[in-house]
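Reviewing the structure listed below.
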Amino acid sequence: MAETFYMTTPLYYVNAPPHLGGAYTTIVCDTIARYKRMMGFDVRFLTGTDEHGQKIQRSAREQGIAPKSLADRVHAQYEDLWRSYGIRNDLWIRTTEERHYRAVQEIYRRVRENGFIYKDEYRGWYCVSCEAYAPGSGGDTPAPCPDCGRETEWFSEESYFFKLSEFQDRLLAHYRDHPDFIRPETRRNEVVSFVEGGLRDLSISRKTLEWGVPLPDDAEHVFYVWFDALTGYISGLGFASDTDRFEKYWPADAHVVGKDILRFHAVYWPAFLMAADVPAPKSIVSHGWWLFKDEKMSKSRGNVFSPALLRDVIGVETLRYFLLREMVFGQDCNLSIASIVERSNSDLANGLGNLLSRTVAMVGKYRDGVVPAPGRADGDADVRDTAARVIADYVANFDAYRFSRALENVWELIARVNKYIVENQPWAIARKQEEAPRLDSVLFHCSEALRLTAALLAPVMPETARAVWTQLGLEGDVADVRLDGLAWSESPMAGRRLAGGDVLFPRVDAKAVYAKLEAELAASAPPEAELAPTIGIDDFAKVDLRTATVIEAEPVPGADKLLRLVLDLGFETRQVLAGIAKYYAPETLVGRKVVVVANLQPRRMRGLESNGMVVAASVGPDDTPVLVGFDQDVPDGARLR
Ligand code: MSP
């Protein structure tokens, strides 16, 4: 039976869809899941949404909607985003699901029965953005948030406490006995010193908050959102709902998280589980932050890139490659569009794309599209040795979460083969009959190296791997190749007809990317937030808005923005000039219903009188006018109020 591997992303807050920094955690997990499947593991990969707590309740209130409606909307946006990024999770948990409520209450019951809960009064400072308590809760002076440094809010209320302080020794022993529990090593030291510094009991319930899972024995309280959300890792697997699956895959092999939420995962979570007699996860794998100009990307700083925007401008495969290649896992990394373009052109277009198109072209030209058997192989051993070393290094690096090194390994092979082509000059030896066995060997080596490359790329760039596989004329799905058995071999490439296809990565021009980004950003700019000064209903009543039908429409000579319209208001017809000529062809307007400010002072433009103003929404940075419409027929002259 295959070894199991259970891995999770964090459960994302549903106040808004993620920025690129946030999406990184899930992209990394998807890559690991694909790699583990190709290594023969029986993988379960969970992602989900963290839908309760003060942060969500407050966001929903600000938007004037129920928290569940906000959660539904943003959850759907997550689903779309993950699908478009090729994320193939097996499991999904929303913390508003009934099976999750059951799991949270069950864990709590066990913790309480084991004697780790007591009731007291919480008095202290709290960061709503991180949903975190700020220690140093003296009273008068707000303690800054220990995680993000933001200002915190005071609260004091009756609360149930978890005896976290009793777990200091057990946690330290756990870290000592399981050296791989916190990855990478540097992060482990941070956590150990935090716990050595002493642990305070943790308030795990809130009385003044409505939006959460109620305590089973005191429904006036809801759970602290981290107690609730962390339990998602087991409720989503089947704890308290699908015991067989839970028992098969728990404990989790890896919870992958950003360093900002490591403490919750490496301290609180194992302590909750120990207190409930549930085994702790095997490892917490923590990555660094994506920065923009050396500052953490975060919504509150407004320096974020939208993953949907970058997907549309740059493409998912290039982004997945960039994110995994550029960031040294565990460390922070700056994101710049210039470096994305640079990697796209050098690594993808020149390196990989070029090797594939050259190979397909040469096999086409010299061997009618069929890859020959190796022939006379002198001087090729180095290519085969490089391939063998690259595969071994790649696996070692992937297993140690060194994705950027693993990708460097793949590009060592690509670079070696590109160089090998130059060394062997196939275009020159093709002219000499006696060199035919040599040429066979060169063409075979290029093709086989590409087959191995496609398999090695599949976890990171699944669609690109598939495209290379198809161009090589290989059957089946590259994702089904076993990486643990991957090795240089004469079959299946010898004798294979290459299918060829489109250029994988056309070179991109940085200027064109910037222009496209700016255009997309401008188009998605939020509407103006500042409202005009408040008016009374009497002021509004002074504006006489009427429905009308356009009966004539024509350009105004000499004015490229204006149209002359004749409008039927039911009780009269009148001429109105409208600045919509760039956006509406006159003939499309005749017969159309519009709304007009009917009591506006007449004014003359270009020698013509305008008797009123047609109303339109003003959209985007160029204030594109969009005419008002009705969802059913209305008579002319009806007043809008
Ligand atoms: N809801 C909690 C997690 C609960 S898990 C039981 C949460 N959600 S989050 O939406 O704020 O964060 C999701 C992921 O995005 C986390 O792994 C977080 O570390 C990551 N990132 C957010 N900003 C980031 C960067 N700028 N760079 C890299 N990852 C960062 O936390």
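Read-outs: derived from the displayed coordinates by stated rules, not from any lab. These figures come from a predicted structure and were not determined experimentally. Every residue, glycine as well, gets a Cβ built from its backbone with ideal geometry; the counts of neighbours run over all protein chains shown.
Annotations
- 3J(HN,Hα) couplings calculated from phi for region 88-101 with the Karplus curve 6.51 cos²θ - 1.76 cosθ + 1.60 (θ = phi - 60°) are, in sequence order, 10, 7, 8, 10, 9, 10, 10, 6, 8, 7, 4, 5, 6, 3 Hz; Gly and Pro show x.
- Taking the DSSP beta bridges with both ends in region 4-287, the antiparallel portion is around 50 percent.
- Around the amide H of THR49, modelled in the peptide plane, lie the amide H atoms of TYR12, ILE93, ARG94, THR95, all under 5 Å away and 5 or more residues distant in sequence or on another chain.
- Sparse packing (at most 14 other Cβ atoms within 10 Å of the Cβ) combined with a DSSP loop state is found for the following GluC sites (Glu not before Pro) in region 1-69: GLU3.
- Vicinal HN-Hα couplings computed from phi for region 457-471 (Karplus, 6.51 cos²θ - 1.76 cosθ + 1.60; Hz; Gly/Pro x): 7, 3, x, 8, 10, x, 6, 5, 4, 4, 5, 5, 4, 5, 5
- Contour excess over end-to-end distance, with Cα ends at VAL503 and ASP72 and 0.36 nm allotted per residue: 151.1 nm
- Candidate cross-link partners of LYS299 among the lysines, defined by an alpha-carbon separation under 21 Å and a same-chain spacing of 8 or more, comprise LYS55, LYS259.
- Distance between the 7 Å Cα→Cβ label points at TYR118 and ARG358: 7.3 nm.
- Average Cα contact separation per residue, region 4-287, under 8 Å, 6 or more apart, as relative contact order %: 23 percent
- Under 5 Å from the amide H of GLY258 lie the amide H atoms of HIS287, each residue being 5 or more positions distant or on a separate chain, with H modelled from the backbone and absent for Pro and chain starts.
- By the beta-carbon count within 10 Å of each Cβ, the least crowded to most crowded order of THR186, THR141, fewest first, is THR141, THR186.
- Inter-label distance for GLU157 and GLN632, nm, one decimal - labels placed 7 Å from Cα along Cα-to-Cβ: 4.5 nm
- Reach of LYS582 by Cα under 18 Å, taken over aspartates and glutamates that are not fewer than 8 positions away in the same chain: GLU552, GLU554, ASP560, ASP622, ASP623
- You can think of it this way: the chain between GLN425 and ARG102 has 109.5 nm of extra reach, that is 0.36 nm per residue less the Cα-Cα gap.
- Take every Cα pair under 8 Å whose residues are at least 6 apart in sequence, average their separation, divide by the length of the chain, and the relative contact order is 11 percent.
- Region 124-245: relative contact order as a whole-number percent, Cα under 8 Å and 6+ apart: 18 percent
- Ranking of PHE155, PHE403 by count of other Cβ atoms within 10 Å, fewest first: PHE155, PHE403
- Cβ-defined net charge surrounding ASN611, 14 Å radius [Lys, Arg +1; Asp, Glu -1]: 0
- Going from the fewest other Cβ atoms within 10 Å to the most, the residues MET274, MET7 appear in the order MET274, MET7.
- The modelled label-to-label distance for the pair ASP217/ASN189, using points 7 Å beyond Cα in the direction of Cβ, is 4.3 nm.
- Within the same chain, lysines fewer than 8 places from LYS163 are excluded, and of the rest, those with a Cα less than 22 Å from its Cα are LYS119, LYS207.
- Sparsely packed loop sites in region 151-226 (the GluC sites (Glu not before Pro) outside DSSP H, G, I, E and B with at most 15 other Cβ atoms within 10 Å) comprise GLU151, GLU210.
- Sparse-neighbourhood loop sites, GluC sites (Glu not before Pro) in region 542-591 - DSSP loop, at most 14 other Cβ within 10 angstrom: GLU572
- Once the chain from GLU210 to ASP140 is taken as fully extended at 0.36 nm per residue, the excess over their C-alpha distance is 22.5 nm.
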